[in-house]
Amino acid sequence: MTAVTTHSKLQTFLHQCRDRVGISQKTLAERLHLSPRGYWNLERGRVQNPSAEVLDNLAAILCLSARERWTLYMLAVRHEPLPLDGVALEGASAFSELLSVQRCPAAIADSTWQIVACNDAYRELPFEKEGSDRGNLMHHMLLTPHVRDSLLGSWETAWAAPLLGELRTAREVHPGTAWPKQLLRHVGRDSRLRHTWRRLDAGPPLDPDAARPFRHPLWGPWVTVLETVPRYMPGYKIVSLVPGGDPASPGCYRPA
């Protein structure tokens, strides 16, 4: 997402919020102790790094929900706000807002790697036919033939081994949980995965490379798999496929 696009979204977002509560730019500027010109610049994204005090006062005056406050911060300063007395996002309704700031392919998965939401860039990847945004991300990467054979380069070492390592850890840390056992049953039926699993048992834990081969004309030839857990969404993580080997690649947000 370019700076121009972000500024336009901020302006639209604040305009809609002002209209909802019936407050003008001039009145809002006065209540924020800003000049009319100062607020005009703030709403258009021309103020670099507005303070948390200004943004939180703005959120309070506009009666923003926790999710809307999160959106305000992401559009204005591109990082998450600090929690307010434990207030949480309103569950699944926040997913699309959270993903909207990601330009690269990104999905939100729960603790079992089940995908609950994804952005358009992710939906266009050939993880499932017709771009379905549902399913289990780990299952796709480990067991879907066209994904592991055509999309994921150096599949066994760069993708399968790290994922199997995570699966093994999940089984050991949560022995009473069903999902690792269910996925391991599928792994046991696949000869290539059985071979990789035996290699994991025989050697020390793997430290996967930051950048992994990714055969895609737009997002390849390398991506960094970035997993982040937003403070407002315990139990969920954002899985982003960041182009190249640099997690700070333009267009993708990395939570602080």
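Could you check the stretch 42-79 and list, in sequence order, the residues that are in contact (Cβ under 8 Å) with a residue 12 or more places away in the chain, open to solvent by 60 Å² or more (accessible area, probe 1.4 Å) and more than 20 Å from V21 (Cβ to Cβ)?
Passing the criteria: R46, N49, R78, H79.
Looking at (1) in a loop (DSSP other than H, G, I, E, B); (2) at pLDDT below 85; (3) closer than 30 Å to G220 by Cα, which is the only condition V116 fails?
Exception for V116: condition (1).
List every residue pair whose Cβ atoms lie under 7 Å apart, where the two residues are 6 or more positions apart in sequence or sit on different chains, the first residue falls within the stretch 227-256 and is under 15 Å from L137 (Cα atoms) and modelled with pLDDT of 85 or more, and the second residue, located anywhere, is basic (K, R) and assigned to a strand (DSSP E or B).
Matching pairs, first to second residue: E227/K237.
For the condition of a type in the set (S, T, N, Q), at pLDDT below 90 and open to solvent by less than 80 Å² (accessible area, probe 1.4 Å), what is the one hit in T224, T177?
The unique qualifying residue is T177.
Would you point out the residue of the stretch 192-221, among those that are aliphatic (A, V, I, L, M) and closer than 19 Å to L143 by Cβ, that is modelled with the highest pLDDT?
L193
So for the stretch 12-23 (the condition being at pLDDT 90 or above, touching a Leu at 6+ places or on another chain (Cβ under 7 Å), of a type outside the set (D, E, K, R) and within 15 Å of M74 (Cα to Cα)), does at least one residue qualify?
Yes, some residue in the stretch 12-23 is at pLDDT 90 or above, touching a Leu at 6+ places or on another chain (Cβ under 7 Å), of a type outside the set (D, E, K, R) and within 15 Å of M74 (Cα to Cα).
Does the stretch 53-69 include one or more residues that are in a loop (DSSP other than H, G, I, E, B), at pLDDT below 85 and charged (D, E, K, R)?
There is no residue in the stretch 53-69 that is in a loop (DSSP other than H, G, I, E, B), at pLDDT below 85 and charged (D, E, K, R).
Scan the stretch 57-77 and give yes if some residue there is among the small types (G, A, S) and under 20 Å from the mean Cα position of the chain (by Cα), otherwise no.
Yes, some residue in the stretch 57-77 is among the small types (G, A, S) and under 20 Å from the mean Cα position of the chain (by Cα).
Can you pull out every residue in the stretch 10-20 that is in contact with a helix residue (DSSP H, G or I) (Cβ under 9 Å, 6 or more places away or on another chain) and open to solvent by 60 Å² or more (accessible area, probe 1.4 Å)?
Matches in the stretch 10-20: Q11, H15.
Within the stretch 158-174, track down each residue that is open to solvent by 80 Å² or more (accessible area, probe 1.4 Å) and in a helix (DSSP H, G or I).
R171, E172, V173, listed by residue number.
Quick check on my filter: what residues within the stretch 135-192 are under 17 Å from I115 (Cβ atoms) and touching a residue at least 60 places away in the same chain (Cβ under 8 Å)?
L137, L151, L152, W179
Does the stretch 89-106 contain any residue that is at pLDDT 90 or above and either part of a loop (DSSP other than H, G, I, E, B) or in contact with an Asp or Glu (Cβ under 8 Å, 6 or more places away or on another chain) (or both)? Reasoning before the result, please.
The first filter runs over the stretch 89-106 and keeps only residues at pLDDT 90 or above, leaving 104-106.
If we keep only those that are either part of a loop (DSSP other than H, G, I, E, B) or in contact with an Asp or Glu (Cβ under 8 Å, 6 or more places away or on another chain) (or both) as well, we get 104-105.
Yes, the stretch 89-106 contains a residue that is at pLDDT 90 or above and either part of a loop (DSSP other than H, G, I, E, B) or in contact with an Asp or Glu (Cβ under 8 Å, 6 or more places away or on another chain) (or both).
The values are calculated or read from the model by the stated rules, or taken from the named source; none is laboratory data. Everything numeric in this text was worked out from a predicted model, so none of it was measured. Neighbour counts are summed over all protein chains in view; Cβ atoms, including those assigned to glycine, are modelled from backbone coordinates with ideal geometry. What goes into the accessible areas is simple: the full protein's heavy atoms, side chains included, and nothing from ligands, DNA or RNA. Shrake-Rupley method; radii C 1.70, N 1.55, O 1.52, S 1.80 Å.
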